[in-house]
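See below for the structure under consideration.
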Amino acid sequence: MEYWGYHLILDCKNGDLDKVKSPNNIENFVKELVNKINMTAFGAPKLNHFATHDEDTAGYSLVQLIETSSITGHFIDKNGDCYIDIFSCKTFDTEIAKQVVNKYFSPTKIKVTYLKRQA
């Protein structure tokens, strides 16, 4: 069976607040992730802080285009939760991706969803 793309969804709970709130840490994370899963970044990552009017949802959002699709992330200031998606038509090692997430955000729990999209 042929697949058009591979989508790793990581719902991370209770990460280190200092790491989750740090734009430098988030940028370093995505740069290392791209390298470790053998992707090629297309331009610089886009990183903005959103929802400052609502402490329950305030945090950084990340978009990193890669030649084979994208990496996105949402990082919640209040509790250290992170929601990270990697989508690519090129296969990648999901275990390495989780290791990089653990290194940069230290979540207490990660819920993993992995989808193979059919052509």
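Each value in this text was obtained by applying a stated rule to the coordinates, not by laboratory testing. Keep in mind that what you see is a predicted model, and the values were worked out from it rather than measured. We place every Cβ from the backbone using ideal geometry, glycine too, and count neighbours over all the protein chains shown.
Per-residue answers, yes or no, for (1) of a type in the set (D, E, K, R); (2) surrounded by fewer than 17 Cβ atoms within 10 Å (Cβ to Cβ); (3) on the phi > 0 side of the Ramachandran plot; (4) free of Cβ contacts under 8 Å to residues at least 24 places away in the same chain:
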site	(1), (2), (3), (4)
35	no, yes, no, yes
58	no, yes, no, yes
62	no, no, no, no
67	yes, yes, no, no
79	no, yes, no, no
117	yes, yes, no, no
Filter result for residue 52 (part of a loop (DSSP other than H, G, I, E, B), in contact with a strand residue (DSSP E or B) (Cβ under 8 Å, 6 or more places away or on another chain), surrounded by fewer than 18 Cβ atoms within 10 Å (Cβ to Cβ) and not acidic (Asp, Glu))
no
Residue match in the stretch 78-85 (condition: under 25 Å from residue 4 (Cα atoms), hydrophobic (A, V, I, L, M, F, W, C) and assigned to a helix (DSSP H, G or I)):
no
Output for the stretch 1-26, where each listed residue is touching a residue at least 24 places away in the same chain (Cβ under 8 Å), over 22 Å from residue 117 (Cα atoms) and of a type outside the set (A, V, I, L, M, F, W, C):
13, 14, 15, 16, 19, 21, 23, 25
Quickly run through the stretch 37-49 and pick out the residues that are over 13 Å from the mean Cα position of the chain (by Cα) and not hydroxyl-bearing (Ser, Thr, Tyr).
38, 39, 41, 42, 43, 44, 48, 49
Residue by residue through the stretch 67-119, note down the ones that are of a type in the set (A, V, I, L, M) and over 23 Å from residue 19 (Cα atoms).
115, 119
Could you check how many residues of the stretch 22-46 are closer than 15 Å to residue 84 by Cβ and polar (S, T, N, Q)?
2
